[in-house]
Structure formats: C-alpha cells, structure tokens
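Reviewing the structure listed below.
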C-alpha cells in the first residue's frame with residue numbers, strides 16, 4: 001500500500017494543481033471574443049494545451065493559438081503585447097519580472113522518481129552519481145555483473161510524466177543511447193521510473209511481482225511537500241506568465257489551470273467577482 005501511494009505522487013501533485021474550471025472562468029470564456037496568442041517555451045506541454053484546446057473548441061468566436069518560441073523571444077513578445085501568455089519551465093529573473101510587470105504562476109510539477117528492489121540496501125543516491133552514470137566516459141556495454149549500477153530507463157520519451165525532469169536534471173540534455181548502463185560503483189539493480197502507477201506499463205515499466213522502494217536523492221525523500229517546495233531536486237515546474245497587457249481572457253485561461261493565485265489576482269483587478277471565484 002505504501003508503494004502504491006508513493007508511485008501515485010505524480011498523479012496526486014498534478015491533480016492537486018490542475019483543478020476543474022471555476023464558474024467565473026467558464027462564464028468569461030463563453031462570451032469572450034478575439035485572439036489569444038500563447039508562446040510555448042516548453043514545447044508541447046500537455047496540461048496547458050488541453051486547457052487551451054478546451055477553451056478554443058467551446059467558443060468559436062475566440063481564437064486561441066499556441067506557438068513554440070525561444071525563452072527570450074517569448075518574453076520579448078509578452079512585453080510588446082504580441083502574445084498574451086507564456087508557458088515556461090523556467091522563470092525570468094526577479095528584476096525582469098518586477099520591471100516588466102510579469103506575473104508567473106506555477107500550475108504543475110513534474111518529478112522523476114528512482115526506485116530499487118526492496119531487498120537492496122541502497123537507500124539514497126546523489127544527483128552527481130546519477131549524472132555520472134550517463135557520462136559517456138564511464139558507460140559500459142558489458143553484461144551486468146553486479147559490479148555497477150544497471151539502470152533501466154522506464155519512460156525515455158516525452159509522452160511519459162517526468163521525462164523533462166529526467167532530461168534536464170539528470171541527463172543534462174544528452175541523448176540516451178541505450179536502455180542499460182553500467183557504473184563500477186554499486187551492487188544491485190536500480191530502476192528509474194518517471195510515471196504514476198497507471199502509466200508504468202505505458203512507459204515500459206511493469207513487473208507486478210517485483211517489490212520496489214523509492215530512493216532518496218541527495219538525502220531528500222520524494223514526498224509531496226519536498227517536491228512542491230523544491231527541496232527534492234529532480235523535478236521540473238511549469239509556469240504560466242502574463243502581464244498587464246494580457247487582458248481578461250488570457251487571465252481566465254490561466255485560471256482554468258486551477259491556481260488560487262490567479263483567482264486572487266483576478267479579483268483584485270476586477271476581472272473576477274469574488275462571489276463566483278470558485
């Protein structure tokens with residue numbers, strides 16, 4: 001049962017941060033007209049695209065377009081009023097946000113989890129060791145002899161939750177050349193998974209008879225609290241960013257992601273009456 005709860009961390013976090021649309025947003029978007037241009041720095045971030053697609057298909061008078069854009073160009077376009085929303089996995093500097101009136105709201109967290117078999121004495125692994133495992137200088141294609149880490153990558157494509165965290169934090173954007181790697185340092189099978197339980201089979205990891213446990217990373221357990229606070233490092237946060245030029249419709253779309261800070265801000269600037277904010 002403990003394992004089941006642990007493997008559902010990703011699903012719980014994303015469900016908690018992607019709530020259903022509030023009545024106020026729904027009303028605002030049903031009567032909205034015109035264009036909302038969105039710059040996607042992340043590249044096909046699925047949670048936000050689902051919201052944008054829902055909005056676009058529910059109101060034919062509202063044209064919502066999402067286009068991939070480099071980080072600097074996206075925020076330059078936001079400043080110039082050419083786009084109303086930027087979806088990103090990293091933030092502009094605090095000084096830039098203050099100077100340009102950019103408001104950024106985190107709406108999802110995508111962690112990558114590491115597990116081993118329960119009879120493995122290994123309890124903790126460092127990010128530096130994880131990164132060394134994928135360093136080409138120490139890769140080996142020899143059969144696994146229990147002289148090193150044997151890593152099984154469950155979720156090596158971007159349809160799997162946690163792939164971006166794996167790619168950025170651990171792989172450092174290097175290409176994965178094979179499923180198995182060896183490092184002359186450990187003594188047991190280490191499995192890396194990036195998915196909640198219902199996604200494990202889809203992402204290539206499904207073995208009901210094997211009992212596994214979560215590893216700490218740099219001594220930090222992957223609890224919801226540690227992941228949301230950023231203390232658990234192998235994770236990526238997704239943000240939606242707007243400014244004063246973004247307008248009511250853009251804020252309503254951002255609010256569909258379920259962030260309470262968007263609701264509070266919309267009430268403050270008169271975009272959303274308090275009586276219909278939930």
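The values are calculated or read from the model by the stated rules, or taken from the named source; none is laboratory data. Small disclaimer: the values here were computed from a predicted structure and weren't measured. Cβ: placed from backbone, ideal geometry, glycine included. Neighbour counts: every protein chain shown.
Tabulated data
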{"item": "Considering residues of the stretch 95-122 that are more than 15 Å from residue 240 (Cα to Cα) and part of a helix (DSSP H, G or I) only, the residue farthest from the chain's Cα centre (by Cα)", "result": "99"}
{"item": "Residue 135 vs. criteria in the same structural domain as residue 48 (by TED's automatic domain parsing), modelled with pLDDT under 90 and in contact with a strand residue (DSSP E or B) (Cβ under 9 Å, 6 or more places away or on another chain)", "result": "no"}
{"item": "Some residue of the stretch 67-82 being under 23 Å from residue 32 (Cβ atoms) and under 17 Å from the mean Cα position of the chain (by Cα)", "result": "no"}
{"item": "Residue 55 being assigned by TED's automatic domain parsing to the domain that holds residue 29 and either modelled with pLDDT of 95 or more or within 24 Å of residue 164 (Cα to Cα) (or both)", "result": "no"}
{"item": "In the stretch 58-85, the residues that are more than 15 Å from residue 252 (Cα to Cα) and part of a helix (DSSP H, G or I)", "result": "71, 72, 73, 74, 75, 76, 77, 78, 79, 80"}
{"item": "Residue list for the stretch 116-129, filter: closer than 23 Å to residue 163 by Cα and either without any contact (Cβ under 8 Å) to a residue 60 or more places away in the chain or out of contact with any helix residue (DSSP H, G or I) (no Cβ under 8 Å at 6 or more places or on another chain) (or both)", "result": "116, 117, 123, 124, 125, 126, 128, 129"}
{"item": "Single residue of the stretch 101-119 satisfying the filter (surrounded by 17 or more Cβ atoms within 10 Å (Cβ to Cβ) and more than 25 Å from residue 49 (Cβ to Cβ)) that is modelled with the highest pLDDT", "result": "114"}
{"item": "Odd one out for residue 220 among (1) modelled with pLDDT of 85 or more; (2) surrounded by 17 or more Cβ atoms within 10 Å (Cβ to Cβ); (3) farther than 23 Å from residue 52 by Cβ", "result": "(2)"}
